[in-house]
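Quick notes on the structure that follows.
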Amino acid sequence: MHELSLAMDVIDLAAREAKKNRISIIQEIRIEVGDLSGVEADAFEMALKLSVKGSVLENAIIHIIRTPGKGKCTFCDLEFEMKHMFSTCPQCHSYASEINGGREFRVLSIAGE
């Protein structure tokens, strides 16, 4: 389950940023998880919630923002939402050759005092 190691990486990142910015209490963190990132968002959220005890994120509000997959068909130029990497174009049923969104996995913001 790589979501647990990702959760630990996010906690480490938050601790480094808090120290660097002289933040003693992190109140909120926003994390973007794309549907095509290879990260199971629900498993990541659960791993993060279980791992924050005793960390700088223990009392923080954690926001997981899910980003849908987006593709563009090179045959008919239709832009469409992709549920998985091999989604077909809903208009012409060919496979999307351009993935334009949903691969993100990043910390968007950390707020504290």
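How much mean residue ellipticity at 222 nm does the chain get from its helices, if each DSSP H run of length 4 or more adds -39500 (n - 2.57) and you divide by all residues, to the nearest 500 deg cm²/dmol? Don't jump to the answer; show the numbers that get you there.
On the way: 2 runs with 30 residues, N = 113.
That comes out to -8500 deg cm²/dmol.
If you build a Gaussian network model of the chain, linking Cα atoms that sit under 10 Å apart, which residue out of ASP77, ASP42, ASP12 swings the most?
Maximum among the listed residues: ASP77.
How would ASP9, ASP35 line up from fewest to most surrounding beta-carbon atoms within 10 angstrom?
The order, fewest Cβ neighbours first, is ASP9, ASP35.
What share of the DSSP beta bridges in the chain is antiparallel, in percent to the nearest 5?
Given both bridge residues lie in the chain, the antiparallel proportion sits at roughly 70 percent.
How high is the FRET efficiency between THR74 and PHE105 when r is their beta carbon distance and R₀ equals 25 Å, given to the nearest 0.05? Walk me through the intermediate numbers first.
Working: r = 26 Å, r/R0 = 1.03.
The calculated FRET efficiency here is 0.45.
Using only Cα atoms and rounding to the nearest 10 degrees, what angle (0 to 90) does helix 41-51 make with the longest principal axis of the chain?
10
Is the C-alpha gyration tensor of the stretch 4-113 telling us rounded, prolate or oblate? Criteria: a/c under 1.5 is rounded; beyond that, a/b larger than b/c is prolate, otherwise oblate.
Prolate, since a/c reaches 1.5 and a/b exceeds b/c.
Helix 2-20 versus the longest principal axis of the chain: what is the Cα-based angle in degrees, 0 to 90, to the nearest 10?
So the helix axis and the longest Cα principal axis differ by about 50 degrees.
Taken together, the values in this text are just the output of simple stated rules run on the coordinates, not laboratory data. Every value quoted in this text rests on a predicted model; they were computed, and no experiment measured them. FYI the Cβ positions are ideal-geometry reconstructions off the backbone, even for glycines, and counts take in every protein chain you see.
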